[in-house]
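Student: Before anything else, here's the structure in question.
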Amino acid sequence: MKKKTKPANLAGAQPALLDSLRDLLMICETSGKLVYVNNTACRALGYARQELLAKNIKQIVAPQYSALLAGRIRRLRKEGELLTTTAYRKRRGGTLTAEARYNVSAIGGRPCVICLARPMPGERNVSAELGEVRERYRRLVEGLEGEYFFYQHGADGVFT
């Protein structure tokens, strides 16, 4: 007889900080049932929070990626973390393509999967964001004119 599971209790684990992230944050049980989504995910996908929480992650992954879910779940269980490109279905049609990081974790002692997804270029006002970054680096380089400096960046290309 299969044991009936209750959704993970995230009461008190939903600080306003999570809702203010620019990235989509979704947490689901190992069965795929969504138990938390932040405001950014709701806005980006066009759903009310309760609509998303009534869904399984398989229902919001775009069709071209849903066939990959089983293999990705196996890799995630084996590796504990997965970086991948995926697309999510928007409520009013179309998709949102994103770079997503999936991690296996636990909430209240129950295993869960945390997904942090960042929309890919073309999905947001990328030109404005790139303009801000370009200006920041221009000021940095001009301020260091005639000086030597060292830099490093992570595998994701972000300077640290």
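Student: First measure r as the distance between the Cβ atoms of residue 110 and residue 90, then evaluate 1/(1 + (r/R0)^6) with R0 = 30 Å and state the FRET efficiency to the nearest 0.05. Mind showing how you got there, number by number?
Tutor: On the way: r = 29 Å, r/R0 = 0.98.
The computed FRET efficiency comes out at 0.55.
Student: Here's a follow-up. Mind grabbing the accessible area of residue 68 for me, 1.4 Å probe, Å², rounded to tens?
Tutor: 80
Student: Placing unit charges on C-beta atoms (Lys and Arg positive, Asp and Glu negative, everything else neutral), compute the dipole magnitude of the stretch 24-103 about its Cα centre in debye, rounded to 20. Mind showing how you got there, number by number?
Tutor: Numbers: 15 positive and 5 negative charges, 39 e Å.
Roughly 180 debye for the stretch 24-103.
Student: Tell me, what HN-Hα J-couplings in whole Hz come from the Karplus equation 6.51 cos²θ - 1.76 cosθ + 1.60 at θ = phi - 60° for each residue of the stretch 35-43, using x for Gly and Pro?
Tutor: Running phi through 6.51 cos²θ - 1.76 cosθ + 1.60 with θ = phi - 60° gives 10, 7, 9, 8, 4, 4, 4, 4, 5 Hz.
The values are calculated or read from the model by the stated rules, or taken from the named source; none is laboratory data. Given the structure is predicted, the values throughout are model-derived calculations rather than measurements. Because the Cβ atoms are built from the backbone with ideal geometry, glycine has one as well, and the counts that use them run over all protein chains shown. Side chains are part of the model used for accessible areas, which takes the heavy atoms of the whole protein and leaves out ligands, DNA and RNA. Shrake-Rupley method; radii C 1.70, N 1.55, O 1.52, S 1.80 Å.
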